[in-house]
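Single-structure report; data block below.
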């Protein structure tokens, strides 16, 4: 005999089967989510690897562009040996100096020397305003790194194949010469040049 408060057996079985079906559906959804999560993690790792490769390649392009600019301006100055209305006797490129005891170091793209002055030329493929500040910081320690030039006049030039907007005006305001490639020739704008 069936109790009035008990659901019929077929209803109980159908509810139980519905619960089992719900559980199977939840498990299937969970399995699908785990699969999607693994795929997403793999895609993320692939993207990271791709980004690293691209970053390396872009860095290589940037170094290549910088090397092109340096080669052009070093070769041009090697031919003329003139800057700031003066003739220079010698030239150094890619000069680095470090004085560990003073915790000082500097790297200079191009230096021209004569008996009374040194021209320091910073070379960029594409010059930006931020390069001016970096350049001035390195120049500030030049005479400490190279004390033999402590009494020499320093002239500065920023050489680039391209100047981003506002960079030339900032360069002029700081008394630094602008050096560009115009056609096949190197052109120096130094009317505003000051002695450092």
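The values are calculated or read from the model by the stated rules, or taken from the named source; none is laboratory data. Treat the numbers as computed from the prediction; the structure is a model and nothing was measured. In this analysis, Cβ positions are derived from the backbone assuming ideal geometry, glycine residues included, and neighbour counts consider all displayed protein chains.
Note on region 107-131: among residues that are surrounded by fewer than 16 Cβ atoms within 10 Å (Cβ to Cβ) and in contact (Cβ under 8 Å) with a residue 24 or more places away in the chain, the one that is nearest to residue 72 (Cα to Cα) is 126.
If you filter region 175-187 down to residues that are out of contact with any helix residue (DSSP H, G or I) (no Cβ under 9 Å at 6 or more places or on another chain) and either under 20 Å from residue 154 (Cβ atoms) or modelled with pLDDT under 95 (or both), you find that the one that is surrounded by the most Cβ atoms within 10 Å (Cβ to Cβ) is 175. Restricting 104, 156, 161 to residues that are more than 21 Å from the chain's Cα centre (by Cα), crowded, with 16+ Cβ neighbours inside 10 Å and either more than 19 Å from residue 195 (Cα to Cα) or at pLDDT 95 or above (or both) narrows the list to 156. Evaluated against (1) surrounded by 15 or more Cβ atoms within 10 Å (Cβ to Cβ); (2) under 23 Å from the mean Cα position of the chain (by Cα), residue 140 falls short on exactly one condition, (1). Filtered by the rule that a residue be more than 15 Å from residue 158 (Cβ to Cβ) and assigned to a loop (DSSP other than H, G, I, E, B), region 62-119 gives 81, 85, 88, 89, 103, 114, 115, 116.
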